[in-house]
Amino acid sequence: MSKDLLRRQITLHASWTFSNTGQEECARFIADRKVPLGMLLTHRWRLDQAEEAYRLFDTQTTGKGVFLF
């Protein structure tokens, strides 16, 4: 990895997410325990607001958000 990133002075931006199995386990945990999602989510957007949402995400000042369909 060093020769591919550091020596070529490349900047890598990435994000971490759950695997499909991890997402399913998380959803099951929330559903089984009736976790009040309204208290966990700080923002809600429609898909047509995605640009605004991602601008806000970039500020790293938000909690968790969700896109509503």
Q.
Among 41, 11, 61, which residue has its Cα furthest toward the positive end of the charge dipole of the chain, with +1 on Lys/Arg Cβ and -1 on Asp/Glu Cβ?
A. 11
Q. Between residue 12 and residue 37, what FRET efficiency comes out of the Förster formula 1/(1 + (r/R0)^6) with R0 = 30 Å and r the beta carbon distance, rounded to 0.05?
A. 0.40
Q) Placing +1 at every Lys and Arg Cβ and -1 at every Asp and Glu Cβ, with all other atoms neutral, what dipole size does the range 2-68 have around its Cα centre, in debye to the nearest 20? A) 180 debye
**Q.** Rough spin-label spacing in nm, given labels placed 7 Å along Cα→Cβ, for residue 29 and residue 47
**A.** 2.9 nm
Q | Value of relative contact order over the range 2-68, rounded to a whole percent, pairs C-alpha under 8 Å and six or more apart | A | 29 percent
Q) In degrees between 0 and 90, to the nearest 10, how far off the longest principal axis of the chain does helix 20-32 point, with axes built from Cα atoms? A) 30 degrees
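Which trypsin sites (Lys or Arg not before Pro) does the range 3-69 hold that lie in a coil by DSSP with at most 11 other beta carbons within 10 Å?
The qualifying sites are 7, 8, 33, 34.
Readers should treat all values here as calculations from the given coordinates under stated rules, not as data from a laboratory. Remember, predicted model here, so these are calculated numbers, not experimental data. Because the Cβ atoms are built from the backbone with ideal geometry, glycine has one as well, and the counts that use them run over all protein chains shown.
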